[in-house]
Amino acid sequence: MRRILTILLLWLGVSGAVLAQNVVTDLSEREIDIRYSFNGANLLLFGAVNEGKMDPSIRTDIIVVVRGPNEEIIVREKQRMFGIWVNQDVHRFGNAPGFYAVATSRPLADIDNIDQLNARGIGYLSLGLDQDSHEEHAENFRIALVRSKERAGLYSESEGGVSVVGGGLFRADVQLPANVPVGDFTVETFVYQSGRLLGHKLMSLNVDKAGFERAVYAFAHNQPFWYGIVAVLIALAAGWLAGLASRK
Amino acid sequence: MPLYLPIAELSMNVILVIGMGAIVGFLSGMFGVGGGFLMTPLLIFAGVPPAVAVATEANQITAASVSGALAHMRRGGVDFKMGTVLVVGGAIGAFLGAQVFAMLRAIGQVDLMISIMYVLFLGSVGGFMFYESVRAILRDRRGYVAPRKSSKERHGGWVHALPFKMRFRKSRLFISPIAPLLIGMFVGVLAAIMGVGGGFVMVPAMIYLLNMPTNVVIGTSLFQIIFVTALTTVFHSVNTQTVDILLALLLLSGAVIGAQVGVRVGVKLKGEQLRALLALMVLAVCVKMAFGLILTPDDLFSITTVIK
């Protein structure tokens, strides 16, 4: 039994290594800092497929998945009560990625079967989100979560987000909006040919709040009492200075 | 020019933020009001989360009240004893208000409460102000002069029936501290859950309920507002981390400039006309808020990220 396991593990390790050999990728930036003028960032991933391992007669499909750190997200549904809209039903999702972008060279459904893709964490349907309730209408909340995140530019599925330049070269553009969560991101690249996974590469990316903003945010959350005191002192000083300035 | 606001967690255009401060500053200079009850809704309309708008505005009001309070203090327009009673009441009210605020935020109802409070308050204050100013304009045309209150009226009423009377020398009053304590408390609750200084409630209450002489009313109310909004800032910082210093400073810088212009325009207009204008603006903001509650939202679902 143990031997079989060892062999299986060895085979998995080797096949992982082989998959990684078949594609090389790099990112325009490994560190993204949110500064005071942060207006979002454009993440550029470029890579090359080892053409020697591919069948030149079949088109090569590329999928790039960028995933942010997991968050706990509460989804609320409004209902009309006494003529006004009030939050009523609540669902809590314990593990939703704070950012999730899928860029593909072709519609996902044309690349592989959906169940296979889900198993590899590709596409919205793969986001199980660890919901605390398994009621039927929890599905509405899951869809609403994706819709809200999409509207905020935090989730995206973009067909044609990957462009294959030719000669095995490709590039993917992923937009990170200003409200992107901070933390460790993963960037995964999948190379497919006629529904077979031929290459896989995992990279990491770090998004952080830099400089003054990080300091303010961290101060507000780590020492809230002193943050409040400082806010008051700044207000008093600014108000006094403004008074002096306006008297002249 | 976009600027990332660390607590509101969104990028806003600096010019837009300063401009909003300037517009509200202009109005507050022109009408002689604090402006919190216009600034907070404006921030919400601009996309700032309501809880952040309320807490940040409390912080900005502290700053906006300093120079006025100092000016009144210099010319002896502050009743410190009365002010202290109002501050104590305000501290209790702000503490309770901030607790309720944090509790409602945890269950996702704080935005609703802020909107409802604004609709109720702006509706009643704006409605009353409009009625009163239109009546004054009409009476003015007919040459009507309001009768002076008799001494009996000045010293009658339930306020003077309360126990533990004490002397407020500056206000030339001998009354129980219970009434100003309650007034202060009510204003404190408003500061915490609406992000307003509360002058628009406190000043009439001081004049009509407490019968304070008008020359100490503004100074004393500014004195109370500074302390109570400062406490509110600390309470919100501790409970919900919703005070955005950067946003408050930007709004203030705009407000300072706007107020200068506003004061100059204000002296050219007549009091009743000013009040009627202000009342119409207050009612307009009220209606916009009310529509937000009644109209079917684009998306019935909303999401909140839990900060661990």
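Odds and ends about this structure:
- The strands (runs of 3 or more DSSP E) located wholly in the range A:68-183 that include 2 or more residues which are modelled with pLDDT under 90 occupy A:70-81, A:84-97, A:155-159, A:162-166, A:169-176.
- Hey, B:Val52 within 13 Å of chain A (Cβ to nearest Cβ) and either in contact with a Pro (Cβ under 7 Å, 6 or more places away or on another chain) or crowded, with 22+ Cβ neighbours inside 10 Å (or both) or not: yes
- Residues (closer than 30 Å to B:Gln109 by Cα and surrounded by fewer than 22 Cβ atoms within 10 Å (Cβ to Cβ)) located in the range B:157-184: B:Leu181, B:Leu182
- Cross-chain or 6+ apart pairs with Cβ under 9 Å, the range B:55-76 first and within 9 Å of chain A (Cβ to nearest Cβ), then surrounded by fewer than 20 Cβ atoms within 10 Å (Cβ to Cβ) and among the hydroxyl-bearing types (Ser, Thr, Tyr): B:Ser67/A:Ser246
- Residue that is in contact with a His (Cβ under 8 Å, 6 or more places away or on another chain) and in a helix (DSSP H, G or I), where the choices are B:Ala98, B:Ala69: B:Ala98
- Checking A:Gly183 against (1) in contact (Cβ under 8 Å) with a residue 24 or more places away in the chain; (2) open to solvent by less than 40 Å² (accessible area, probe 1.4 Å); (3) on the phi < 0 side of the Ramachandran plot, the condition it does not meet: (3)
- Residue within the range B:56-63 that is of a type outside the set (A, V, I, L, M, F, W, C) and over 19 Å from A:Ile234 (Cβ atoms) present: no
- Any hit, the range B:233-244, residues being within 11 Å of chain A (Cβ to nearest Cβ) and at positive phi: yes
- Each residue in the range A:217-248 was checked for being at the interface with chain B (Cβ under 7 Å from one of its Cβ atoms) and within 34 Å of the chain's Cα centre (by Cα), and 8 of them qualify.
- Condition check for B:Asp244 on (1) touching a Pro at 6+ places or on another chain (Cβ under 8 Å); (2) open to solvent by 10 Å² or more (accessible area, probe 1.4 Å): one failure, at (2).
- Boolean, B:Val187 is within 30 Å of B:Leu38 (Cβ to Cβ), part of a helix (DSSP H, G or I) and of a type in the set (Val, Ile, Thr): yes
- Residue in the range A:135-142 that is small (Gly, Ala, Ser), more than 13 Å from the chain's Cα centre (by Cα) and within 11 Å of chain B (Cβ to nearest Cβ) present: no
- B:Leu277 assigned to a helix (DSSP H, G or I) and open to solvent by 20 Å² or more (accessible area, probe 1.4 Å): yes
The values are calculated or read from the model by the stated rules, or taken from the named source; none is laboratory data. For clarity, every value in this text was computed on a predicted model and none was experimentally measured. When we count neighbours, we look across all protein chains shown, and the Cβ atoms used for this are built from the backbone with ideal geometry, even at glycine. These area figures cover heavy atoms from the full protein model, side chains too; ligands, DNA and RNA do not enter into them. Shrake-Rupley method; radii C 1.70, N 1.55, O 1.52, S 1.80 Å.
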